[in-house]
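**Student:** Right, I'll just put the structure down here and ask away after.
The values are calculated or read from the model by the stated rules, or taken from the named source; none is laboratory data. What you are looking at is a predicted structure, and each value in this text was computed from that prediction instead of being measured. We place every Cβ from the backbone using ideal geometry, glycine too, and count neighbours over all the protein chains shown.
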Amino acid sequence: MAFFIVEEKCVGCTLCAKECPMSIIEGEQKEFFRIFAPDECIDCSLCAWVCPTEAIQNGYGQFVPKMKKEERPVAWVDEDGCTGCEVCMECCPVDAIDKVAAVDPSDSSPTQVCRVDYDTCISCSLCAVMCPWDTISMALNKAEATELAMLQGTLPVGEPSAA
């Protein structure tokens, strides 16, 4: 279900178009913007989270509130269930997912798992939708995901280790 921009509330700030990972929002600055290819919308909420006037409705007709970046959910990979199939890597619109060696030091297999760079993740949830093993969730924000990763010893790609 595609999102919808309510013309009466849109101020033409361009933020929604700049944030859309699918580049399907168009309009002129200080004019009404619209989603011109609703079939290509991935329902990520990014356009709505940046909208200063909360002019964007989800597919259920609900206005989606503005959300600060640090409050948005990030992709969390359950590495115990990850097979390293790379589906998430292939569908990520910003290349926020890489393969890394499994953390278990007793595991001598060449198995690699996928891990998310939380600084790059745009919270679109496409990886969670596409994962054939249901090992990716969007339940944590960046701070929570980083804390859990530190506790598990699975720091995200690009995160400094806690020494």
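**Student:** Can you confirm whether region 140-154 contains a residue that is at pLDDT 95 or above and not acidic (Asp, Glu)?
**Tutor:** Looking through region 140-154, none of the residues is at pLDDT 95 or above and not acidic (Asp, Glu).
**Student:** Mind checking which residues of region 52-88 are free of Cβ contacts under 8 Å to residues at least 60 places away in the same chain and acidic (Asp, Glu)?
**Tutor:** Across region 52-88, the qualifying residues are Glu54, Asp78, Asp80, Glu86.
**Student:** Any chance you could count how many residues in region 29-44 are part of a loop (DSSP other than H, G, I, E, B) and surrounded by fewer than 20 Cβ atoms within 10 Å (Cβ to Cβ)?
**Tutor:** So the count comes out to 9.
**Student:** How many residues does region 1-56 contain that are at positive phi and out of contact with any Phe, Trp or Tyr (no Cβ under 8 Å at 6 or more places or on another chain)?
**Tutor:** Of the residues in region 1-56, 2 are at positive phi and out of contact with any Phe, Trp or Tyr (no Cβ under 8 Å at 6 or more places or on another chain).
**Student:** Restricted to region 29-42, and to residues that are within 17 Å of the chain's Cα centre (by Cα) and over 17 Å from Val6 (Cβ atoms), which residue is modelled with the highest pLDDT?
**Tutor:** Looking at the filtered set, the residue picked out is Glu40.
**Student:** Considering Ala48, Ala17, which residue is under 15 Å from the mean Cα position of the chain (by Cα), farther than 16 Å from Cys127 by Cβ and not in a strand (DSSP E or B)?
**Tutor:** Step by step, each of Ala48, Ala17 is checked, and only Ala48 is under 15 Å from the mean Cα position of the chain (by Cα), farther than 16 Å from Cys127 by Cβ and not in a strand (DSSP E or B).
**Student:** Might you check whether a residue that is surrounded by fewer than 12 Cβ atoms within 10 Å (Cβ to Cβ), within 27 Å of Ala2 (Cβ to Cβ) and assigned by TED's automatic domain parsing to the domain that holds Ser23 occurs anywhere in region 118-135?
**Tutor:** No, every residue in region 118-135 fails to be surrounded by fewer than 12 Cβ atoms within 10 Å (Cβ to Cβ), within 27 Å of Ala2 (Cβ to Cβ) and assigned by TED's automatic domain parsing to the domain that holds Ser23.
**Student:** Using beta carbons and a limit of 9 Å, which pairs, at least six apart or on different chains, have the first residue in region 144-155 and exposed (fewer than 14 other Cβ atoms within 10 Å of the Cβ) and the second one of a type in the set (D, E, K, R)?
**Tutor:** Gln152/Glu79
**Student:** Being in a loop (DSSP other than H, G, I, E, B), in contact with a helix residue (DSSP H, G or I) (Cβ under 8 Å, 6 or more places away or on another chain) and either at pLDDT 90 or above or under 16 Å from Cys127 (Cα atoms) (or both): is that true of Glu26 here?
**Tutor:** No, not satisfied.
**Student:** Which of the numbered conditions does Pro52 fail, given that it passes all the others? Conditions: (1) surrounded by fewer than 13 Cβ atoms within 10 Å (Cβ to Cβ); (2) at pLDDT below 95; (3) not polar (S, T, N, Q).
**Tutor:** (2)
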